[in-house]
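Working notes for the structure below.
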Amino acid sequence: MKKVLEGSHAVSEAVRLAKVQVMSAYPITPQTHIVEALSEYCTDGTMAARFLLVESEHSAMAAVIGASSGGARTFTATSSQGLALMHELLHWASAARLPIIMAEVNRALAPGWNIWMDQTDSLAQRDTGWIQLYCEDGQDVFDTTLQAYRLAEAVNLPVMVVLDAFFLSHTFEPVDVPDQDLVDRFLPPFSPRIELNTSDPFALGQMAPPTVYMEMRHDIQKAMEQVPEIFSKVEQEFAAIFGRSYGPVERVHCDDAQVIMVVTGTAASTCRKVISDLRSQGEKVGMLKLKMFRPFPTDLIRENLGSVQKVAVVDRNFSFGASGIFAQEIRAALCNRNGHPPVFGYITGLGGRDVTPEILAEIYWKTKNSAFPENESVWVGLNE
Amino acid sequence: MTQLNIPDSEYMYSGHVGCPGCGAAIAMKFALKALGEKTIMVIPACCWGVIAGPYPQSSLKVPILQTAFATAGAAASGLKAALDMKGDTETTVVAWAGDGGTFDIGIQALSGAVERNEDFIYVCYDNEAYMNTGVQRSSATPFGARTTTTPGKGWKKNRKKNMVEILAAHRIPYAATANIAFPEDLIQKFVKARQMKGGTRFLHVFASCPTGWRIPSEMSVKIARLAVQSNIFPLYEVKDGIDYTLNYKGDRPVMDYLKIQGRFKHLNHKDIEQIQSMVDEDWKLLLRKMNHNQRG
Ligand SMILES: Cc1ncc(C[n+]2csc(CCOP(=O)(O)OP(=O)(O)O)c2C)c(N)n1
Ligand code: SF4
Ligand SMILES: [Mg+2]
């Protein structure tokens, strides 16, 4: 049934239908609507779940780690400062191989205080062993959250479902929210690979000396390597029931494109419009939307960008002293390919500044009109 | 010789890697006799994280969840919630943390859990410093003690934090102190805590550390006993944060306890007098709470 929902409630509806058993979270704008809705579901009996109202994000992640180790399907949500505070436990969750799902609302980090859209918070967690999926609209958020459970529980790795602050978390859109029995067909009850149990005692997270630690880390990478194939299977099954699929990347007008713009999140929606306008002016421009960031879809990046003339990456994030983070990763994926295209990196939209069609068009024209990037990163839309 | 009334059941294997005379290991051995096999131990970073054994071994016959240093209270809450959701009402979840993991870095998660009145037992085995990392001071390190971060003349000049009182202020259903040198009392308190269910129970267990205290390992239990006998570590229970019961009255001077430990060796007569008056003051304060209770 189609409902008009804000992005936050696309998350909470999916969590409800996923029959999550233990949740824990700490409020931070703009994540609050997600946890408020779920608190209500727990209070009014809509969900049979425990919601642990802990005293910090550090404890929220620790609580879902405890719950997941006990064999429960779990959920948490956070943003920005809260995600940064969780950092220690993000490593813990993945290395403990727990299929925890977290909604992460992309928000700028302080100082100065800024509650608006910025991707640096989630991208700064890229090395923590979490699968990261970036969403474009409310339906994408809903679908991705459900798919995340299947994916996480298949590979025993946690998944971060990432959505833009306000542009997505607080924007109302029609979202198809299916009935419980359809969701049940897609997502069976959790059957944990590990589950602490007094009838079969074992120890989790024991000291790991140099003789075993490397193998444990290698196993995480092996699980990551399985993700693309399993994600595609999950998507096929999802499509068979719900008729929708997204892919780790999406190609838009890429076939004959000379310049391909790489975008993520809600900026992709704006870019669709810009591309179609530029196309009607005869410009050979395409867009590659990146949904999956971890594991990084290196093969798909090579396949889609390896032989285009120029790549323009739109980063709404920044790694100080280096460059935009998506641009870094795309350069790294392409550099071992013969004759790879120049990768132009653009920084825009930090701290909630609008990424308008004009800005995206400017990025296109700058790329088209330069043979090589003037800089590793070009900041677009800076005030004089 | 008097026969101690201690269960034969054993849930700890021999051959663990704790130092000889380790009070923390003794504490676990006795605690599990009271808790039994339907127990899951949640252990944050601390000496016990090592004593529990390296992967794939375990020194315990009950399941263990090792967790990050600050998180015992939160991880135990989450685990208990999962057991609730699975309909397991039998298993006792026990957070087992050191004094650093309780008094310092873990106090926030512990306070949160107690405020929510989560249904588990939180045990702080207190060896009065960060032993796992090489004997650095914690807020449980007593006035007068030398540690590697309070060395030489910089011996600790601050008082030890009173954790049981902090928890009593939360109106925790049950908080009690225990000591490895009083195993029957300890076991009885663990049994009481296990049977209570429905809210948070806190046990503060004094656990001597030969390595960190610079005492001979064979003196470990004797020194732990002296802490009670000199009223430095009184044995008492608090129900609902108001109902105090004293389990033991000591009459030995603190001198007897301090003079046999390397960590206090540097203290002069005046320092020891100061400690004696601090202990007397704390003791009086505690007795006032007992009296208050008796008057109802
Ligand atoms: C976040 C974090 N900071 C620091 C450490 C290092 N560390 C591990 S154990 C420990 C001290 C533990 O002291 P305590 O809780 O008293 O237990 P003990 O080792 O004395 O038994 C420290 C500082 C850590 N593991 N995690
Ligand atoms: S350092 Fe102290 S607490 Fe740690 S194992 Fe040795 S005796 Fe036990
Ligand atoms: Mg200690």
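Observations on the structure shown:
- Among A:293-302, B:110-119, A:241-250, the peptide with the highest mean count of other Cβ atoms within 10 Å heads the list, and the full ranking is B:110-119, A:293-302, A:241-250.
- With N the number of residues in segment A:249-307, Rg(Cα) / (2.2 N^0.38 Å) evaluates to 1.10.
- The largest-to-smallest principal axis extents of the Cα set in segment B:179-296 are 45, 31, 20 Å.
- Footprinting exposure proxy ranking of A:Y364, A:Y213, B:Y125, fewest other C-beta atoms within 10 angstrom first, gives A:Y213, A:Y364, B:Y125.
- Only lysine pairs 8 or more places apart or on separate chains count here, and in chain A those with Cα atoms under 14 Å apart total 5.
- Computed log₁₀ I(q)/I(0) - Debye formula, equal Cα scatterers, no solvent, segment A:263-384, q 0.13, 0.17 Å⁻¹: -0.48, -0.86
- Averaged over the residues of peptide B:104-112, the number of Cβ atoms from other protein chains lying within 10 Å of each residue's Cβ is 3.
- Rel. contact order, % - alpha carbon contacts under 8 angstrom, at least six apart, chain A: 16 percent
- Aspartates and glutamates with Cα under 18 Å of B:K284, excluding same-chain neighbours fewer than 8 positions away: B:E165, B:E237, B:D243, B:D251, B:E273
- Centroid-to-centroid separation of segment B:244-282 and segment A:249-305 [C-alpha atoms, Å]: 74 Å
- Computed over chain A with a Gaussian network model linking Cα atoms closer than 10 Å, the most mobile of A:L360, A:L196, A:L157 is A:L196.
- For the residues of B:57-70, the average number of beta carbons from a partner chain within 10 Å of their own beta carbon is 6.
- Remark on chain B: Rg and Dmax equal 18.2, 59 Å (Cα only).
- Formal net charge of residues neighbouring A:A322 (Cβ-Cβ distance under 12 Å; K, R +1; D, E -1): -2
- Applying the Karplus relation 6.51 cos²θ - 1.76 cosθ + 1.60 with θ = phi - 60° to segment B:81-92 yields 3J(HN,Hα) values of 4, 5, 5, 4, 5, 8, x, 7, 9, 7, 6, 9 Hz, where x marks Gly and Pro.
- Folded to 0 to 90 degrees: helix B:220-229 orientation relative to chain B principal axis, Cα: 70 degrees
- The mean number of partner chain beta-carbon atoms within 10 angstrom of a residue's beta-carbon across peptide A:190-202 is 4.
- Fluctuation leader among A:T145, A:T270, A:T78 - chain A, Gaussian network, Cα springs under 10 angstrom: A:T270
- Residues whose amide H lies under 5 Å from that of A:V378, counting only those 5 or more places away or on a different chain, are A:G345, A:Y346, A:I347; hydrogens are built 1.01 Å from N in the peptide plane.
- Packing-based ranking of B:180-189, B:91-100 yields B:91-100, B:180-189, ordered from highest to lowest mean Cβ neighbour count within 10 Å.
- All lysines inside 18 Å of B:K222 as judged from Cα atoms, apart from same-chain residues fewer than 8 positions distant: B:K29, B:K249, B:K259, B:K265
- Between the Cα long axis of helix B:269-295 and the first principal axis of chain B there is an angle of about 50°, rounded to the nearest 10.
- Where the alpha-carbon atoms of the protein assembly as shown are placed on the principal axes, they occupy 99, 56, 49 Å, in descending order.
- Amide H contacts of A:K3 (H built 1.01 Å from N, in plane; Pro and chain starts excluded): A:V175, A:D176, A:V177 sit under 5 Å, all sequence-distant by 5 or more or on other chains.
- Contact order for segment A:250-379, expressed relative to its length and based on alpha carbon pairs under 8 Å spaced 6+ residues apart, stands at 27 percent.
- Near the amide H of A:W130, within less than 5 Å, lie no amide hydrogens of residues on another chain or at least 5 residues away, with H placed in the peptide plane.
- Stokes-Einstein translational diffusion, segment A:2-242 - Kirkwood Rh over all Cα pairs, 1.567 mPa s, 4 °C, in µm²/s: 72 µm²/s
FYI, it's all coordinate maths here, none of it is from the lab. Remember, predicted model here, so these are calculated numbers, not experimental data. Cβ: placed from backbone, ideal geometry, glycine included. Neighbour counts: every protein chain shown.
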